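Okay, structure first, notes after.
The values are calculated or read from the model by the stated rules, or taken from the named source; none is laboratory data. None of the values given here were measured: they were computed from a predicted structure. For neighbour counting, all protein chains shown are included, and Cβ atoms are generated from backbone atoms with ideal geometry for every residue, glycine included.
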Amino acid sequence: MDRCVVLVDAGYLLGAAASLLAGEPSRSRIVVDHARIVAGLRERAERETGQPLLRIYWFDGAPDRVPQPEHRRLRVMPRVTVRLGALTRTDGRWAQKGVDAAMHAELSELARNRACSDIVLVTGDGDLLPGMMSAKEHGVAVHLWAVQAADGDYNQSEDLVAEADERRVLDREWITTAIISRDGVCPPANTARPEIGPEIVAILAAPLPESSAGAPTQEPHTAHTAHPSHPEQNGTAPDTEPEEPAGNGGKGVPTPKDLAGLGKPHPSAPAAGHPAGNATLRWSSDKSWADKGSAGGPDVPDTSGLPTLAQLTTAEQRWADREADITAVSGDPYEVGQVFARRWTARLTDPGQLQVLSTHYPRVPHRIDGELLRYAARFGLLAHKDDQIDEHDRYAIRAGFWREVDARTGMDHTQNGD
């Protein structure tokens, strides 16, 4: 039958893209627009094969084969079928089980039943060689697509490359229309999806202060790009010189330690009107409050009267929220924070509570902060390669939260020196 089918090994596609854009194959290092990548695969497959698309099969691993948020979004898209293998952890590393076997079975079945004339394989695994050979014997043209290798060499089995009827490379330009690095590498301006705008890129690539003559060079107005509220480390007092994390190349989301330095005067500033070390940072902790900064700061505000999103949400709204999470929310950490804040502020019955929340900046009240991070966990944002909460994502989530609150209140904390 004159149709084409695309079989995608998601582990290969996204891992190779992460290596290309972020320097390591960890999928936690990239942000993926699944709708855009599916559209790109369909358009290219139809153009390369000259046949209309029958279906895209997306093969991936998941713990206990339970669909993750990205899988739920993918499987409701037109012409997309998701097939899941197991995801297991051995010696501290995650590995897919059963994905290659499922791809082999699907490839052989499609060819044997003459369901299509062309099959596009997006994979690098040599275990699919028997399936590729079988498909060719049934008269199917096999197209092998590779992701541009980070080191310029092959990232596919040479046997697969030799056996394929056609081979194409998905280069950096093609990849970045749908995938960006969390460290700030983004698609060209004319191809970026609307949700991945300058604000998100600024959060993910915000420069940290650089120590020079004992003082940071970052201006106070950049403090709005990160709102620390629940760090794992203790941070430092404002009179301690901030240190740059090793290997970040001077890029990253500022930490509480970095923001504490904003209270220090620049050496060139006049002494009058620039008190040193006057910044006080607060964020929630498991035990209640943690104060970092000079002594004698303002009293801790009372947040007990602020409701959680769950308390403000009806059963019908909860169902609609889940549908929107699956079909409309990309899972970018900044966007997740915005979506949560948008729902919380829209459902408040007392507008004064929004003003109360705004006065707590940069601290997200403990109950709301915990609910926000649990919501983010639905998108896999808190699953890091070492099973630790990703600090970079936490700051971006909270930054998105505060940006949406600012939009609703008409306030701009960056102009208040906070």
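Looking at (1) surrounded by fewer than 13 Cβ atoms within 10 Å (Cβ to Cβ); (2) in a strand (DSSP E or B), which is the only condition VAL120 fails?
(1)
Would you be able to say whether some residue in region 383-396 is modelled with pLDDT under 85, under 20 Å from PRO69 (Cβ atoms), acidic (Asp, Glu) and surrounded by fewer than 22 Cβ atoms within 10 Å (Cβ to Cβ)?
Yes, because at least one residue in region 383-396 is modelled with pLDDT under 85, under 20 Å from PRO69 (Cβ atoms), acidic (Asp, Glu) and surrounded by fewer than 22 Cβ atoms within 10 Å (Cβ to Cβ).
Of all residues in region 41-66, count the ones that are touching a helix residue (DSSP H, G or I) at 6+ places or on another chain (Cβ under 8 Å) and loosely packed, with under 15 Cβ neighbours inside 10 Å.
Residues that pass the stated criteria total 1.
Need at least 1 residues that are in contact with a Gly (Cβ under 6 Å, 6 or more places away or on another chain) and either assigned by TED's automatic domain parsing to the domain that holds ALA164 or at pLDDT 90 or above (or both) per element, so show me which strands (runs of 3 or more DSSP E) inside region 1-97 make the cut, counting only ones lying wholly within it.
In region 1-97, 53-62, 80-90, 93-97 are the strands (runs of 3 or more DSSP E) which contain 1 or more residues that are in contact with a Gly (Cβ under 6 Å, 6 or more places away or on another chain) and either assigned by TED's automatic domain parsing to the domain that holds ALA164 or at pLDDT 90 or above (or both).
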